[in-house]
1. If you check Ala150, Ala138, which single one turns out to be touching a residue at least 60 places away in the same chain (Cβ under 8 Å) and either within 22 Å of Gly80 (Cβ to Cβ) or not aliphatic (A, V, I, L, M) (or both)?
2. So which pairs qualify, if the first residue must be in region 109-134 and among the β-branched types (Val, Ile, Thr), the second must be assigned to a helix (DSSP H, G or I), the Cβ gap must be under 6 Å, and the two must be at least 6 apart or on different chains?
3. Is at least one residue of region 247-256 in contact with a strand residue (DSSP E or B) (Cβ under 7 Å, 6 or more places away or on another chain), at pLDDT below 95 and part of a loop (DSSP other than H, G, I, E, B)?
4. Has region 318-334 got at least one residue that is without any contact (Cβ under 8 Å) to a residue 60 or more places away in the chain and in a helix (DSSP H, G or I)?
5. If you check Val243, Val232, Val201, which single one turns out to be under 18 Å from the mean Cα position of the chain (by Cα), farther than 21 Å from Ile268 by Cα and touching a residue at least 40 places away in the same chain (Cβ under 8 Å)?
6. Exactly one of (1) in contact with a Phe, Trp or Tyr (Cβ under 6 Å, 6 or more places away or on another chain); (2) modelled with pLDDT under 95; (3) of a type in the set (Asp, Glu) is unmet by Asp338. Its number?
7. Looking only at strands (runs of 3 or more DSSP E) that lie completely in region 77-181, which have at least 1 residues being surrounded by 24 or more Cβ atoms within 10 Å (Cβ to Cβ) and not aromatic (Phe, Trp, Tyr)?
8. In region 241-248, is there at least one residue being among the β-branched types (Val, Ile, Thr), within 17 Å of Tyr309 (Cα to Cα) and in contact with a Phe, Trp or Tyr (Cβ under 8 Å, 6 or more places away or on another chain)?
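The values are calculated or read from the model by the stated rules, or taken from the named source; none is laboratory data. Given the structure is predicted, the values throughout are model-derived calculations rather than measurements. Neighbour counts run over all protein chains shown; Cβ positions are idealised from the backbone, glycine included.
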Amino acid sequence: MKMLNKEAIRRLQPRTKAIRMPPASARIRNCKGFPQRSRRVKICYSNSCSTPRHFSPASASARIEDVNNQKIQVAVVGVGSFGRNHARVYKELAGQGVELAAIVDTDLSRAQTVAAEFGGQAFASLGGMLAAFPAMKAISVAVPTVAHLASAREAMERGVDVLIEKPLALSLAEADALIALAKQHGRVAQVGHLERFNPAVRATWALLSRPMFFEVHRLSVFTPRSLDVDVVLDLMIHDLDIVLKMANSPVRELRAVGLPVLTGKVDIASVRIEFESGCIANFTASRISTERVRKLRFFQPAQYVSLDYSRRDVFSLTVKPTANGVPQVVPYKPQVSDEEPLHAELSSFLQAVRRRATPEVTLEDGRAALALAIDIQRQMAEHNKRAHLDEVAQAMHRAIAGTADGFTD
């Protein structure tokens, strides 16, 4: 066989053309190729507006990998309803090299109860736990939102990675402080936007083309939980995060109305958002409903998609042309995994911890959803002032208090 010299081998190799990127000025906020509008100032809440989408539909737990073959020590800080579930799932991940080493709660008896059920040592303070476990690698921060910054700061300054429950913080200043801390100390920091890991949401990314209209409902029966924030930061923020990713466009305009009914904060809210792309999104959130609803629907050219968060179900109708000129409506249900969203979320977080990688839901993502939520709160406050709804709410609360007083001894 005739031997080929290096020059002959080089000629046989396939040639590729260099890809020339457009200038940065042409890429900034040029979402999906839609033309920019100059009549109003647009607000890009997400840093994904000028970057391509990247979503992984695969099961997070199927991808988790301990590259150093070492067991990771984890802890849960704050074991109310959310934190307790974090402890449960960490225990379930024991077979994947995860050790639930500690449970922290200012209510020590509650910490002891959860530790007895799922394992780990109970502590009344984060500082005490970190002193006892110098090898602690990662924690879930599930304390009330007002304490997110203090808890996450203490952990990151001690070299511990954090998953912070949503909302990321109470203010953008606090969110920015968390982002700066994570960068300063080189920590993996993820936000607990759980619906990103809902298998129905993961199955929907592949169907996205050019969504132009969203209708979103998130309704809950009243429970004395998460009353430190209003319904926008408690419930609606899940859908704000999802729609910001799906619309992939800066916000052009928003209108919002909300009313406190059973608490001192807004319990029911309605929001309408117009994006620079022309897409419209309507949101309804309530924590005083008689039923539990978690649904997102959107329309895009020739297609309707319905997503049920609770049932973890996706359904689409696509209009396709036919030879006889009569359009055909084709139903489709994509395959959806049965993995629990929290299981997928914590597995994804721990994978990022092990690989020192960027988490699927970054602090910047959490800040984007928070920024939009804060603008919604501002719009609601302005509407309430114009409509004198604050006076109505105060009168209603006085009436409720008076009724309650009538039943006391």
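1. Working: Ala150 fails: touching a residue at least 60 places away in the same chain (Cβ under 8 Å).
None of the others qualify; the one that does is Ala138.
2. Close Cβ pairs (under 6 Å, with a partner that is assigned to a helix (DSSP H, G or I)) amount to Val114/Arg84; Val114/Ala87.
3. no
4. no
5. After ruling out the rest, the residue left standing is Val201.
6. Here Asp338 clears every test but (1).
7. Where strands (runs of 3 or more DSSP E) fall fully within region 77-181 and carry at least 1 residues being surrounded by 24 or more Cβ atoms within 10 Å (Cβ to Cβ) and not aromatic (Phe, Trp, Tyr), they are 98-104, 138-141, 161-165.
8. Looking for residues that are among the β-branched types (Val, Ile, Thr), within 17 Å of Tyr309 (Cα to Cα) and in contact with a Phe, Trp or Tyr (Cβ under 8 Å, 6 or more places away or on another chain), one finds at least one in region 241-248, hence yes.
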